[in-house]
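The structure appears below as structure tokens.
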Amino acid sequence: MAKSTKTTKRSWAEPYKIKMVELLKMTTREEREKMIREAGYNTFLLRSKDVYIDLLTDSGTSAMSDQQWAGMMLGDEAYAGSENFYHLEETIQNYYGYKYVIPCHQGRGAENIISKILIKPGDIIPGNMYFTTTRLHQELAGGTFVDVIVDEAHDPVNLHPFKGNVDLQKLTDVIKRYGAEKIPYVCIATSVNMAGGQPISMENLKAVRKLTKKHGIRIIHDMTRVAENAWFIKMREKGYANKTTAQIVKEICSYTDGATMSAKKDALVNIGGFLAINEHDIYEEASNMVVVYEGLHTYGGMAGRDMEAMAIGIKESVSDNHIRARIGQVEYLGHKLIDAGVPIVQPIGGHGIFLDAKKFLPHIPQTAFPAQTLAAEIYVDSGVRSMERGIVSAGRNKVTGDHYYPELELVRLTIPRRVYTQAHMDVISESIEEVFLNRKKIKGLKMIYEPKYLRFFQAKFTKLK
Ligand SMILES: *Cc1c(COP(=O)(O)O)cnc(C)c1O
């Protein structure tokens, strides 16, 4: 296993203190064995109250600040023209630099609207790796997604510092093959979720801007984790060490023409999102369409208080102190696991740790669901809930009916923002180390119930003898 690359001597320590706590139920191993059996060895089917440390997702699971909670009390719940909308609009214009703002209930609401407006049947949308809801909306609008991310993104041990980069040759080839008029936009994600939270470099983004400009193609930015990406640029890219996260975030946005945002991630709220765009025509159409799918253009499916919390969350999310601790905590956990010899995807990404289940449990064939098995074992050991990202998530080939056999068979440990402490990170690491020590005794699973769509959410399993 690669050695830890940790160099800093100062801790990433939390830039906040705790004012209110949520008590957790502590369970015994016997109780957890029963619970996971009843859940069919699927962590999605556990009840949250039976989970000690919940790493299922970083979506909508952040802890809000006292300022955000105070903002909730300032909710102006008017149907039209809520004060909180104007605060949100002004905040997005200030921190991200986009001209026009349409609030949406969450990220996929914005994806639906922009896809319907820009994509015609037969269009091609190149992007730096797909995301589930983003690609689905592009397809529903008649488009086809084409992956143009660098090859390194698909390799769990490649240490490339910017595995979210676009392969410019692949993009050039796509433009040549289909023609610019078939490409309504290039979809650029910052801190690429499906690659494990891997960033795109500013240099690469600028090159994508130059290339798309030459062909008159827009860039729509999936900015769900833009602040985390900005921090990696600050740490890793020449010329950015002395810039603030806020400055880097704004520069990233300046090379794009519009954005969709799931505020449930970086923006530190439990619900919300928006569409932002610089072209007035598109804004007009979007503010018309949002009325059909989300709500009036000054609330887009959100309560006034939620827009207020989001405006405050955006400001907090681009603070260097916040993001240093956010990524510092993820890296702290990652380095502990690396030092213990546990196989994880490297470099460590922005929003979580991904265990390499093929290497962790090499004696379990992919057809016996190694990542699903590992997630269940970790829960039994300590009450830590993770999720499978492997053969179960990949689903079946519609034509042959066989499983897809993805290259990556991973367990995702996604870290909610500002929720858990360093001691929690220690518990997680100790538990995984314990499971790792006893890995040879672990047997795989057999699927006994398989739903037709997105099977990973509801599939049930039984233990192989
Ligand atoms: C979560 C997410 C979305 C979708 O946002 P929702 O708020 O869940 O609808 C889109 N893109 C990325 C990269 C995401 O992580």
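Mind counting the residues in segment 373-400 that are touching a helix residue (DSSP H, G or I) at 6+ places or on another chain (Cβ under 7 Å) and at negative phi?
The number of residues fulfilling the criteria is 19.
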### Summary
Restricting segment 375-410 to residues that are in a loop (DSSP other than H, G, I, E, B) and of a type in the set (A, V, I, L, M, F, W, C), the one nearest to M194 (Cα to Cα) turns out to be L408
### helices (runs of 4 or more DSSP H) contained entirely in segment 1-108, each with at least 2 residues that are within 26 Å of the chain's Cα centre (by Cα)
66-72, 83-96
### Task
Quick one: which residue in P126, P161, P103 is within 28 Å of L410 (Cβ to Cβ) and either within 16 Å of the ligand (Cβ to nearest atom) or surrounded by 23 or more Cβ atoms within 10 Å (Cβ to Cβ) (or both)?
P126
### Task
Would you mind finding the one in A267, A246, A286, A309 that is touching a residue at least 40 places away in the same chain (Cβ under 8 Å), closer than 15 Å to K99 by Cα and either of a type in the set (A, V, I, L, M, F, W, C) or more than 16 Å from the ligand (Cβ to nearest atom) (or both)?
A286
#### Entry: Check on G328, at pLDDT 95 or above, surrounded by fewer than 24 Cβ atoms within 10 Å (Cβ to Cβ) and outside any helix (DSSP H, G or I)
no
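Considering only segment 399-424, state which residues are in contact (Cβ under 8 Å) with a residue 60 or more places away in the chain and among the hydroxyl-bearing types (S, T, Y).
The answer is T414, Y420, T421.
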### Query
Is it the case that segment 37-48 has a residue that's within 16 Å of the ligand (Cβ to nearest atom), surrounded by 15 or more Cβ atoms within 10 Å (Cβ to Cβ), among the aliphatic types (A, V, I, L, M) and farther than 26 Å from A259 by Cα?
no
### Message
Just checking, does segment 281-291 include any residue being part of a loop (DSSP other than H, G, I, E, B) and either at pLDDT 95 or above or at positive phi (or both)?
### Response
no
### Residue check, A78 of a type in the set (A, V, I, L, M, F, W, C) and away from the ligand (no atom under 16 Å from the Cβ)
yes
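Each row is one residue, and each column tells you yes or no for (1) surrounded by fewer than 23 Cβ atoms within 10 Å (Cβ to Cβ); (2) of a type in the set (A, V, I, L, M, F, W, C); (3) on the phi < 0 side of the Ramachandran plot.
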site	(1), (2), (3)
R218	yes, no, yes
T224	no, no, yes
G239	yes, no, no
E251	yes, no, yes
S254	yes, no, yes
A263	no, yes, yes
I271	yes, yes, yes
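L445: among the hydrophobic types (A, V, I, L, M, F, W, C), in contact (Cβ under 8 Å) with a residue 24 or more places away in the chain, surrounded by fewer than 19 Cβ atoms within 10 Å (Cβ to Cβ) and in the same structural domain as L45 (by TED's automatic domain parsing), yes or no?
Working: among the hydrophobic types (A, V, I, L, M, F, W, C): yes; in contact (Cβ under 8 Å) with a residue 24 or more places away in the chain: yes; surrounded by fewer than 19 Cβ atoms within 10 Å (Cβ to Cβ): no; in the same structural domain as L45 (by TED's automatic domain parsing): yes.
Against the criterion (among the hydrophobic types (A, V, I, L, M, F, W, C), in contact (Cβ under 8 Å) with a residue 24 or more places away in the chain, surrounded by fewer than 19 Cβ atoms within 10 Å (Cβ to Cβ) and in the same structural domain as L45 (by TED's automatic domain parsing)), L445 does not qualify.
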### Query
Residues in segment 357-372 that are on the phi < 0 side of the Ramachandran plot and either surrounded by 24 or more Cβ atoms within 10 Å (Cβ to Cβ) or in the same structural domain as K163 (by TED's automatic domain parsing) (or both): how many?
6
### Query
Of the residues that sit in segment 181-205 and are within 13 Å of I248 (Cβ to Cβ) and surrounded by fewer than 24 Cβ atoms within 10 Å (Cβ to Cβ), which one is farthest from the ligand (Cβ to nearest atom)?
E203
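The values are calculated or read from the model by the stated rules, or taken from the named source; none is laboratory data. All values reported here derive from a predicted model rather than from experimental measurement. When we count neighbours, we look across all protein chains shown, and the Cβ atoms used for this are built from the backbone with ideal geometry, even at glycine.
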